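Right, one structure below, let's go through it.
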Amino acid sequence: MTQAKNFPQDFPITQKWPAQHPDQIQLYSLPTPNGVKVSIMLEETGLAYEPHLVSFETNDQMSPAFLSLNPNNKIPAIIDPKGPGGQPLALFESGAILLYLAEKTGKFIPQDAAGRYEAIQWLMFQMGGIGPMFGQLGFFHKFAGKAYEDKRPRDRYVAESKRLLGVLEQRLQGRNWIMGDEYTIADIATFPWVRNLVGFYEAGELVEFAGFPNVKRVLEAFVARPAVVKGLAIPKRG
């Protein structure tokens, strides 16, 4: 049985990022596609939270304090001081955090069992496909990989990214959101990555984004949501 912990004294990460509001959810993140999933979800749910910037420029993610919370050294991570049974809960992996927050609040996930698993299915589609593939495409198109003379790695990820966009395009045909009329964690997980692909990665032309009108339509609806507008800038970069 896991020994109960007290927040904040039993969590070493708070030595580097002190909790000014220890009764609130503590968010350790950076405004990347994975990071903003959680800030957007927190804004959408209205849960009180305190954001802490984990700066990659100073390798904060490799610090002993951060590794004490996430040994995989990736953002985002959270501590909920009022977790299940009233005990603090520490979580990493953006998909797991989205699912936890959805179940904690009863929001942005279908309440019927079949719909719940269908939403989780599309959450996993993002976690296992869209995120990793779009990220690799970004590396080979915009960052160090663009200097490689051999374009086969880039082209591999271009092709797979287009295939995934095609799956999403088909799913969104006749639907307002991935799950239909209901906006869910599947959308919150997916569209920050789509936005990044055509925005920050500047790969819209490369993947022929104009050929995915349903994805474009839903992306525009997503970024127009007030909670998304706010969450995309949290935590504020230093």
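Worth pointing out:
- Looking across the stretch 122-136, just one residue is without any contact (Cβ under 8 Å) to a residue 40 or more places away in the chain and farther than 30 Å from Tyr148 by Cα, and that is Met124.
- Within the stretch 43-76, the set of residues being within 25 Å of Val198 (Cβ to Cβ) and modelled with pLDDT of 95 or more comprises Glu43, Glu44, Lys74, Ile75, Pro76.
- Check on Glu169, closer than 24 Å to Met41 by Cα, acidic (Asp, Glu) and open to solvent by 50 Å² or more (accessible area, probe 1.4 Å): no
- Residues located in the stretch 16-66, provided they are aliphatic (A, V, I, L, M) and part of a helix (DSSP H, G or I): Val36, Val38, Ile40, Met41, Leu42, Met62, Ala65
- Some residue of the stretch 80-97 being within 17 Å of Leu27 (Cβ to Cβ), within 20 Å of the chain's Cα centre (by Cα), of a type in the set (Asp, Glu) and assigned to a strand (DSSP E or B): yes
- Residue match in the stretch 140-158 (condition: free of Cβ contacts under 8 Å to residues at least 60 places away in the same chain, open to solvent by 30 Å² or more (accessible area, probe 1.4 Å) and closer than 25 Å to Ile120 by Cα): yes
- Residue in the stretch 192-206 that is over 27 Å from Ile75 (Cα atoms) and open to solvent by 20 Å² or more (accessible area, probe 1.4 Å) present: yes
- Inter-residue pairs, beta-carbon under 6 Å, first under 14 Å from Gly166 (Cβ atoms) and in contact (Cβ under 8 Å) with a residue 24 or more places away in the chain and in the stretch 204-219, second among the hydrophobic types (A, V, I, L, M, F, W, C) and surrounded by fewer than 18 Cβ atoms within 10 Å (Cβ to Cβ), 6+ apart: none
- Residues in the stretch 58-72 that are open to solvent by 40 Å² or more (accessible area, probe 1.4 Å) and either in contact (Cβ under 8 Å) with a residue 60 or more places away in the chain or touching a Phe, Trp or Tyr at 6+ places or on another chain (Cβ under 9 Å) (or both): 3 in all.
- Among the residues of the stretch 38-68, those identified as within 14 Å of Ala233 (Cβ to Cβ) and of a type outside the set (Asp, Glu) are Val38, Ser39, Ile40, Leu42, Pro51, Leu53.
- Selection within the stretch 36-53: residues that are free of Cβ contacts under 8 Å to residues at least 60 places away in the same chain and under 14 Å from Ile78 (Cβ atoms). The member of this set that is surrounded by the most Cβ atoms within 10 Å (Cβ to Cβ) is Tyr49.
- Subset of the stretch 102-139 that is in a helix (DSSP H, G or I) and touching a Lys or Arg at 6+ places or on another chain (Cβ under 8 Å) - its residue that is surrounded by the most Cβ atoms within 10 Å (Cβ to Cβ): Leu137
The values are calculated or read from the model by the stated rules, or taken from the named source; none is laboratory data. Keep in mind the model is a prediction, meaning the values are calculated, not measured. So basically every Cβ, Gly included, is an ideal-geometry build from the backbone, and we count neighbours across all protein chains shown. When the accessible area is computed, the model is the full protein with side chains, heavy atoms only, and any ligands, DNA or RNA have been set aside. Shrake-Rupley method; radii C 1.70, N 1.55, O 1.52, S 1.80 Å.
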